[in-house]
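Below is one structure, written out as structure tokens, with a few remarks after it.
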Amino acid sequence: MSHDPYIELRNVSFGYGERQILSNINLRVPRGQLVAIMGGSGSGKTTLLRLISGQVRPDSGEVWVDGKNVATMNTRELYAHRRKMGMLFQFGALFTDLSVADNVAFPLREHTALPEDMIRDLVTLKLSAVGLRGTQTLMPAELSGGMARRVALARAIALDPELMLYDEPFTGLDPISLGVIAHLIKRLNQALGTSAVMVTHDVQKSLEIVDYVYFVAHGEIAAEGSPETVRHSDSPWLKQFVHGDPDGPVHFAYPADTSLADDLSAGAR
Ligand SMILES: Nc1ncnc2c1ncn2[C@@H]1O[C@H](COP(=O)(O)OP(=O)(O)OP(=O)(O)O)[C@@H](O)[C@H]1O
């Protein structure tokens, strides 16, 4: 399958204005696979998703998705490109004034001309896929955090996306809900044959479900491999992530321009 990647980033560099965020990124997502992007806070993970979805364009390099270069798409092509994608974001909240059914139906009503009875059936199928059939008439305020995330997932897959982008899908969930969401992401990926990219901080849970992992650090791919490789790697980078050590090659402190001593004496003067 590696000769036919669904996504391929070739030598991608990107900065917000003068500030360089990513340099020379090479990354591949084979068709039908679930690939994780991990790395320190602010390392550019979400920016990678934005490059793939076409929200931002690289300063140099190519972003290929399903045989097309996103970096050179015009507005109409970008619209068609986004139509093939489903997104589940940490803060991708439900519409609070719409019922569960209307939330899931939203993209169907927005992007298709399907009759109401068919939309109702599709909503039932999508809710069933996330184990929430029967919640149609509930309002978001009546759902637990874990249920709300599952409804958001049902909404994200409403249009049968070819590509799913997940940004921190586990954040803020209790361990059981987290396990349920992880299991659903994996199952949906397999059942629908979707290609998927997941940005996550949850190393252990992710290693259980993904096919491949990229680690981003200082704007570059610092390491990559299958979950098996990552677990048994001697690389200090990977060891720190896999074992959750507070300090190591990835520093927990923001790289301040001045030393702490400088700041303190300046304050005392
Ligand atoms: N629209 C923007 N304009 C300017 N700088 C930005 C913008 N969006 C993000 N950045 C900066 O780019 C860097 C990378 O951001 P990004 O969101 O990709 O990181 P991340 O790895 O997803 O971080 P986290 O894990 O903390 O969410 C950060 O330093 C951030 O401050």
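Every number in this text was worked out from the coordinates using simple rules, so none of it is lab data. Bear in mind the structure is a predicted one, so any value in this text is a computation, not a measurement. Cβ atoms come from the backbone with ideal geometry, glycine included; neighbour counts cover every protein chain shown.
Our helix-only sum for the chain, with -39,500 (n - 2.57) per DSSP H run of n ≥ 4 divided by its residues, gives a mean residue ellipticity at 222 nm of -11500 deg cm²/dmol. Compared with the direct C-alpha span, the chain from T124 to R82 gains 12.7 nm at full extension, assuming 0.36 nm per residue.
Order these by the 10 Å Cβ neighbour count, fewest first: T96, T46. It would help to have the intermediate numbers written out before the result.
On the way: T96 9, T46 17.
Ascending Cβ contact count within 10 Å gives the list T96, T46.
Gain on full extension, evaluated as 0.36 nm per residue between E228 and D160 minus their Cα-Cα distance, stands at 21.5 nm. The order of the peptides 121-134, 149-162 by mean Cβ neighbours within 10 Å, most packed first, is 149-162, 121-134. The modelled label-to-label distance between E220 and D59, using points 7 Å beyond Cα along the C-beta direction, is 1.6 nm. If you take the Cα centroid of region 187-248 and the Cα centroid of region 98-168, the two points sit 28 Å apart. The stretch between A141 and T75, if pulled fully straight at 0.36 nm per residue, gains 20.1 nm over its current Cα-Cα span.
The alpha carbon centroids of region 64-95 and region 1-30 are separated by 16 Å.
Taking G15, G219, G54 as the candidate residues, the one with maximal mean-square fluctuation in a Gaussian network model of the chain, Cα springs under 10 Å, is G15.
Counting neighbouring Cβ atoms within 10 Å and putting the fewest first, the residues T75, T229 line up as T75, T229. Sparse packing (at most 10 other Cβ atoms within 10 Å of the Cβ) combined with a DSSP loop state is found for the following chymotrypsin sites (Phe, Trp or Tyr not before Pro) in region 13-101: F91.
Packing, as the average of other Cβ atoms within 10 Å across residues, places the peptides 164-173, 106-115, 230-239 in the order 164-173, 230-239, 106-115, highest first. Within the straight-line cut-off of under 25 Å between alpha carbons, the lysines reachable from K239 are K45, K186, K205, sequence neighbours fewer than 8 places apart in one chain being disregarded.
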